[in-house]
Structure formats: structure tokens, C-alpha cells
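For reference, the structure discussed in these notes is given below.
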Amino acid sequence: MEMLKQRIRELGVVLSDEVLKLDAILNHAVDPVLTTEMGREFARLFREEKVTKIMTIESSGIPIAFAAAQELGVPLVFARRKKPLNTDAETYSERVPSFTKGFVTDIMVSKEFLSEHDRVLLIDDLIANGAAARGLIRIIRRSGAALVGVGIGVEKSFQAGGRTIRESGVRVESLVRISSLAGGQVHFE
Ligand code: G4P
Ligand code: NA
Ligand code: NA
């Protein structure tokens, strides 16, 4: 997606060979025009899949997931990272390690927002090792819902997340794929 590549070139900050700061477009600020275009692109890619629900994980996935939900005319549900007031049998919960942040978090989805009749499109802003996405996929599987695919804004393809999920048989579509951050430069595939 050319517009997203341009914004990453303009506004992304390479912090190391592994980390690309994207606060200006994904993690701290939101450009409604870019976000809407990303939602349109996800909707175009998955239009034939009879999606009934978009899912993401708070917080940075929410704007683009909302844009995709708006385009497809379906609801958005975001997994939460902190415990709701009553954690109980009514909640799906999965433990997710973060390699980047170095700690473990729990993600959870209330059972009332996910059913075996759903056809879910999972959207996330960025995939690195994919631990969070795999956690949400486990929740979707446990609910009995169908996972029609995963839409990712930025895939760091030098890390294993996108590949691992594809190898498990799930369709993964990334709007841009970054093969390397070597030399302080963003190298797109
Ligand atoms: P993983 O889920 O793909 O395994 O990611 P990992 O644990 O490695 O990363 C933890 C958080 O850091 C994730 O955000 C992930 O999107 C973000 N992250 C990892 N690498 C980069 C990077 O190069 N650039 C940017 N901008 N973010 C990166 P999160 O915990 O889900 O938080 P949130 O952003 O949704 O609030
Ligand atoms: Na993130
Ligand atoms: Na995210």
C-alpha cells in the first residue's frame, strides 16, 4: 500500500535494527485519512469472506480495525489487556508473552461478544513475533468462531510472526512488509 509506505518513510523512526517507531501514524497519533484508506484496503482484500466481526487487541489496532469494520459494515470487538471487574467463566483469557517488552500480559474477550456463528477477521497494526495475534487466534478458536484471516498494517517480515501464522494455515495479508531496518533505513519487500 503506497500511501502507507510513504508515511512510514516520512514519519517512521528507525530506533535499532529491530524496532521502527511509528508513533506518528499508529502508536500515539492517528491520521484519519491514512487510517480510512487502510480500512478500505482490508475491506477490499477480505470482502468475499462474509466477515461478521472484526477483532483486534487494544490499543493501537483499534483505529484501523474500526476503519475496516466501518467499510465492511460489521461490529468491532477489541480484546482487553487488563482484567475486567469480574473475571470468570464468562471470559476467554489467554496469556501472551511480549519479546519486545519483556513481560507477560493477559488478553481477554467476554464470551458475549464472540460466538460460534461468527466469521472473524483479525486486524492488527503491526506484527513482530506475533505472540499477541496468536493469543487472540487461540481465543477465536476456543469460541468456535471461524477465523477468515488476519489483516496487518505493518509486517516486520524479518521476524517470525506473520510467517508462523501463515504456516498454521491462516490467510495473512499485510499492507506493507518490511524486510530489514539495517543501516537506519526502512527496506520494504
Ligand atoms: P508480537 O505481539 O508481534 O509478538 O509483538 P512483541 O511482543 O514483539 O511486541 C510488543 C508490542 O510492541 C506490540 O504492541 C507490538 O505491536 C509492538 N512492536 C513490536 N515491534 C515494533 C516495532 O518495530 N515498531 C512498533 N511501532 N511497534 C512494535 P502492543 O503491546 O500490542 O501494544 P499497542 O501498540 O497495541 O498498544
Ligand atoms: Na503495537
Ligand atoms: Na497492536
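No value in this document is a laboratory result; all are computed from the given coordinates. What you see is a predicted model; the values in this text were computed from it and never measured. Positions of Cβ are backbone-derived with ideal geometry, glycine not excepted, and every protein chain shown enters the neighbour counts.
In table form, for the structure just shown:
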| quantity | calculated |
| --- | --- |
| Nonlocal amide H pairs with GLY130, under 5 Å, H built at 1.01 Å | GLY161 |
| Cα-based helix-to-principal-axis angle, 32-46 vs the chain, degrees rounded to 10 | 60 degrees |
| Length-normalised contact order of the chain in % [C-alpha pairs under 8 Å, at least 6 apart] | 20 percent |
| Global geometry of the stretch 18-114, whether rounded, prolate or oblate, following the gyration tensor of its Cα atoms and the 1.5 cut on a/c | oblate |
| Residue-averaged [θ]222 nm for the chain, counting only DSSP H segments that reach four residues, each worth -39500 (n - 2.57) | -9000 deg cm²/dmol |
| Euclidean distance of C-alpha centroids, the stretch 31-45 and the stretch 96-160, integer Å | 20 Å |
| Whole-Hz couplings from phi, Karplus 6.51/-1.76/1.60, listed for the stretch 5-20; x for Gly and Pro | 4, 4, 5, 5, 4, 6, 10, x, 10, 6, 8, 6, 5, 10, 10, 10 |
| DSSP bridge pairs, the chain: antiparallel proportion in percent, nearest 5 | 35 percent |
| Reciprocal of mean inverse Cα separation for the chain (Kirkwood radius, Å) | 16.7 Å |
| Among GLY12, GLY102, GLY151, residue whose mean-square fluctuation peaks in a GNM of the chain (springs only between Cα atoms under 10 Å) | GLY102 |
| Amide H within-cut-off set for ALA79, under 5 Å, with H built and near neighbours excluded | THR56, ILE57, GLU58 |
| Rounded to whole Hz, the Karplus (6.51, -1.76, 1.60) HN-Hα couplings of the stretch 159-173, x for glycine and proline | 10, 8, x, x, 4, 4, 5, 4, 5, 7, x, 9, 6, 10, 10 |
| Residues with amide H under 5 Å from that of VAL172, placed H, sequence gap 5 or more | VAL150 |
| Which of ILE140, THR52, THR36, positive extreme of dipole for the stretch 2-188 (C-beta unit charges) | ILE140 |
| Cα-Cα over 24 Å, subset of LYS53/LYS82; LYS21/LYS111; LYS50/LYS82; LYS50/LYS101; LYS21/LYS156; LYS53/LYS111 | LYS21/LYS111; LYS50/LYS82; LYS50/LYS101 |
| The stretch 1-111, relative contact order [Cα under 8 Å, separation at least 6], % | 18 percent |
| Backbone HN-Hα couplings from phi across the stretch 183-189 [Karplus 6.51/-1.76/1.60, Hz, Gly and Pro as x] | x, x, 10, 8, 9, 7, 6 |
